[in-house]
Structure formats: structure tokens, C-alpha cells
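Structure first, then comments.
The values are calculated or read from the model by the stated rules, or taken from the named source; none is laboratory data. Just so it is clear, the structure is predicted and the values come from calculations on it, not from any experiment. Cβ atoms come from the backbone with ideal geometry, glycine included; neighbour counts cover every protein chain shown. All accessible areas refer to the heavy atoms of the entire protein, side chains included, with ligands and DNA or RNA removed. Shrake-Rupley method; radii C 1.70, N 1.55, O 1.52, S 1.80 Å.
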Amino acid sequence: MTLARKLLPGLALAAALAASSAHAASAPSCEAIGRAVSAALGPVASVTDNTAKVHALRAKAPYAVLRACDVHMPGHRIPLQVTIDAPVPRMYLQSMARFAAATGRHAQKLDGAAYGDLAYLIPQMGGGNAVDALVGDEALSVGYWTQAAQTRAMARHIVALMK
């Protein structure tokens, strides 16, 4: 076996780790996400960064969780959940929209650069709305909020941080 063949798997792993680290470094912090939500909705009670807890679970997924945040809003018992994952292909978001439509919840495609490269507002089965948006290969998930207009506004503010 040549030296190149011995080194190639290690080099591939190092490249993948470097790409994952670069993604994590570019993802906005939960504090920044909290400020973006505040700009869209008004005061935020607190923000909890759950990213380390998610990583500690060591879940096997075809993407990395770059950020996992709970944004606690005054007067709401359940926090707004915001996650950023990568790498996520366009086909994944398109499949989520098709699945929603197949279950009677018609996803609305959100057009315009303010929503990133591809985005959908998806009504949730239990009520409320979520937005799934793609900026490059980073997927933003904002959910679940009662008012569609506010959900879209939050997504626009967070996508601006991701660009």
C-alpha cells in the first residue's frame, strides 16, 4: 500500500472536521439569535444555548448541529426553538415541504433574498408555524410560533445574521 493510500482517509477526515469547524465558527451565537428575535418581535426574556447538550448526546445524523437555541418570550411557557444545521442539501427542505403537503399542511414557499437561498413556512400539526430556510448549505429551523407573519419576520432577521 502506498503512502498516499494510507494518508488519504486521514486527510479526508481532517478536511471534513475543518469544514465542520468553519461552519460552527460562522453560525451566529444564541445571543445574536436572541437579539434578532427581539428585533422581529420585541423583548426576549432569556436565551438558552443548548448546542453543547445536543453535542453531548452524540446523535448520529448526516449533518452537524451548529447551533441549538431556546428563546424564551415573555408570556409564553414554551420557548421558541431555533437550530442551525449543516451541511443540508436543498432536497431535504423540498422533501419537508412535500411531506407537509401530503399530510394536509401546505407549505408556503418564501421568496426573496431575505429568506436565504430556499425557504418554506410550514404550518405545524399541533398548531403554529415553522420556517425552514437554507443559506448555502446551512439550514435554519425556526419553530413553532402561532403567527405566520411573526415567524417569517424572525426568519428574515436570523437569515441576515447567517449571510
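Taking a ≥ b ≥ c as the square roots of the Cα gyration tensor eigenvalues, segment 69-134 comes out oblate, since a/c reaches at least 1.5 and a/b does not exceed b/c. If the cut-off is a Cα-Cα distance under 18 Å, which aspartates and glutamates reach Lys53, setting aside same-chain residues fewer than 8 apart in sequence? Partners found: Glu31, Asp70, Asp85. Sort segment 33-163 into rounded, prolate or oblate with this rule: let a ≥ b ≥ c be the square roots of the eigenvalues of the Cα gyration tensor; rounded if a/c is under 1.5, and if a/c is not under 1.5, prolate when a/b is larger than b/c, oblate otherwise. Judged from the Cα gyration tensor, segment 33-163 comes out rounded (a/c under 1.5). The mean accessible area for residues of segment 111-150, using a 1.4 Å probe and ignoring ligands and nucleic acids, is 40 Å² per residue. Maximal additional length on extending the Ala56-Arg98 stretch stands at 11.9 nm, based on 0.36 nm per residue less the C-alpha distance. As a calculated quantity, the FRET efficiency between Ala160 and Arg77 at R0 = 30 Å, using C-beta atoms, amounts to about 0.60.
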